[in-house]
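Quick note: the coordinates plus some simple rules give every number you see, no bench work behind them. These numbers come from a predicted model, not from an experiment. Neighbour counts run over all protein chains shown; Cβ positions are idealised from the backbone, glycine included.
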Amino acid sequence: MRINRKLLFVSVLGLLISALILHCFTLSFDEHLVFRKYSFSYFVLTTSLIRNLPQSGTIGEAEYFHERLDGTKPESFGVIYYIKDPKQEIFKTLEQYLIKNGYAKESSDSGYRDYQYSKGESRFQFSIDNDDQNNYRVIAEENHF
């Protein structure tokens with residue numbers, strides 16, 4: 001009886017590990033993934049810079065994304081969230097966070113987001129856009145070159 005339980009436990013554990021490996025394998029082929037906080041993809045694909053991004057006062061749940069595209073755009077990790085704070089306050093909070101983490105503001109407008117910061121081979125970009133209900137949508141992403 002004891003051997004059957006061990007065999008069952010090892011079999012179930014093997015199936016779980018196989019399913020996890022298969023899931024990771026399929027994630028590697030998706031070009032654009034969108035996921036929620038604390039999901040499996042969140043822990044596997046979100047960088048610590050994005051994970052710890054200040055988001056106090058958000059409206060609703062943040063949406064995390066990972067893009068792996070062919071061509072000139074590098075792999076990116078990001079988050080989209082809505083917030084009621086004034087635009088200048090959002091900008092100031094994000095800028096302080098980035099500077100604290102060793103990023104420097106780029107002087108050129110070479111990105112496709114409103115604000116760009118860099119640190120070594122890493123680039124952080126974000127936009128703050130007004131929506132129809134006087135809230136702001138923040139799109140923040142980190143790229144690695």
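Just a few scattered comments:
- Relative packing of 119-129, 86-96, which averages over residues the other C-beta atoms within 10 Å, highest first: 119-129, 86-96
- A Förster radius of 25 Å combined with the Cβ-Cβ distance from residue 39 to residue 105 puts the calculated FRET efficiency at roughly 0.20.
- Here the calculated FRET efficiency for residue 121 and residue 7, from their Cβ-Cβ distance with R0 = 35 Å, stands at 0.10, rounded to the nearest 0.05.
- Of the peptides 51-59, 3-11, the ranking by mean beta-carbon count within 10 Å, highest at the top, reads 51-59, 3-11.
- Inter-label distance for residue 113 and residue 17, nm, one decimal - labels placed 7 Å from Cα along Cα-to-Cβ: 3.8 nm
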